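Quick notes on the structure that follows.
The values are calculated or read from the model by the stated rules, or taken from the named source; none is laboratory data. Computed from a predicted model, the values in this text were never measured in an experiment. Cβ coordinates were reconstructed from backbone atoms using ideal geometry, including for glycine residues, and neighbour counts include every protein chain displayed. Only protein heavy atoms, including side chains, enter the accessible area calculation; ligands, DNA and RNA are left aside. Shrake-Rupley method; radii C 1.70, N 1.55, O 1.52, S 1.80 Å.
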Amino acid sequence: MIKVLTNSRFPAFRSISDLEIVLNAIGVHQNTPLLTLNLAVIRVQLTSLGWVKDARVERYFPNKLVVTLRERVPLALLQTEEGHRLIDASGEMIANASAKEFRHLPVISGAKGAAAKAHLILDILQTEPELFSDVWAVHFVSGRRWDVHMRSGLVIKLPERDPVLAWSRLSRLEAETKITARDLAAIDLRIPDQLIVEPNIPVRGKGSRT
């Protein structure tokens, strides 16, 4: 008997085909003697699956093989030249995962290192849940700081130093004034103890599309 367990919020077996992929990676038939199994090889085959971070393979005599999978948990969508790719908290892409199923996750873009540092900025943004619920994307600027793009189109420019304090300050201001609901293009928090707003000025005349 083969028993497969998972200990992640990201369900591996969302369909019969997913389970078949795992069983094929294990490569064991029901009548295969336990003593003939190479557990190390089975583990390598399982960890070759893109969304499997680690695997433990154990045999229990007389006839049970237990496989426990530790999966890569989706964190965000990384913007690439090939389109959006799903990444985990370490910034690694999760192979064979459909980005379309995770459109609710924020989009990460920008300078080199954005994927690896994504968990840091998202941890900061989640400290203010009401603001974070309206975050659509986060852009890494010049490898130093982040711009936060809200679903309304508003851009929040965070400072390189102490973005936590700036984000908290914006949250307090939002509770008092609902500033993010105003017709603004950007809120600049890069200067300590200052807040600079950029009005959303419509472009007049015919322009070129980008």
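Some notes on this structure:
- For the chain, the solvent-accessible area of protein heavy atoms averages 62 Å² per residue (probe radius 1.4 Å; ligands and nucleic acids excluded).
- Entry note, the chain: the mean residue ellipticity at 222 nm calculated from DSSP H runs of n ≥ 4, each adding -39500 (n - 2.57), is -7000 deg cm²/dmol after division by the residues and rounding to the nearest 500.
- Length-normalised contact order for the chain - Cα pairs under 8 Å, 6+ apart - percent: 12
- GLU20 versus HIS104: modelled label distance in nm, points set 7 Å from Cα along the beta carbon direction: 2.8
- To put it simply, the accessible area of the chain at a 1.4 Å probe is 52 percent carbon and sulfur.
- Charge-dipole axis of the range 66-166 as Lys and Arg at +1 and Asp and Glu at -1 on Cβ define it, positive-most pick from GLN126, VAL66, GLY83: GLY83
- For the chain, the Stokes-Einstein estimate of translational diffusion at 20 °C and a viscosity of 1.002 mPa s comes to 107 µm²/s, using the Kirkwood hydrodynamic radius over alpha-carbon pairs.
- Largest mean-square fluctuation among LEU35, LEU77, LEU65, in a Gaussian network model of the chain whose springs join Cα atoms under 10 Å apart, belongs to LEU35.
- Counting only DSSP beta bridges whose two residues both lie in the chain, roughly 65 percent are antiparallel.
- Among the listed pairs LYS64/LYS100; LYS157/LYS178; LYS100/LYS178; LYS117/LYS157; LYS53/LYS100, those beyond 26 Å (Cα-Cα): LYS64/LYS100; LYS100/LYS178
- Alpha-carbon gyration tensor eigenvalues x 5, square-rooted, for the range 72-173, Å: 22, 14, 12
- Where a label projected 7 Å from the Cα of ARG70 along Cα→Cβ would reach, residues of the range 15-58 with amide N under 13 Å: 47, 52-57
- Across the alpha-carbon set of the range 58-102, the Rg to Rh ratio works out to 1.27, Rh being the Kirkwood radius.
- Comparing ASP123, ASP147, ASP88 in a Gaussian network model of the chain where C-alpha atoms under 10 Å apart are linked, the largest mean-square fluctuation is found at ASP123.
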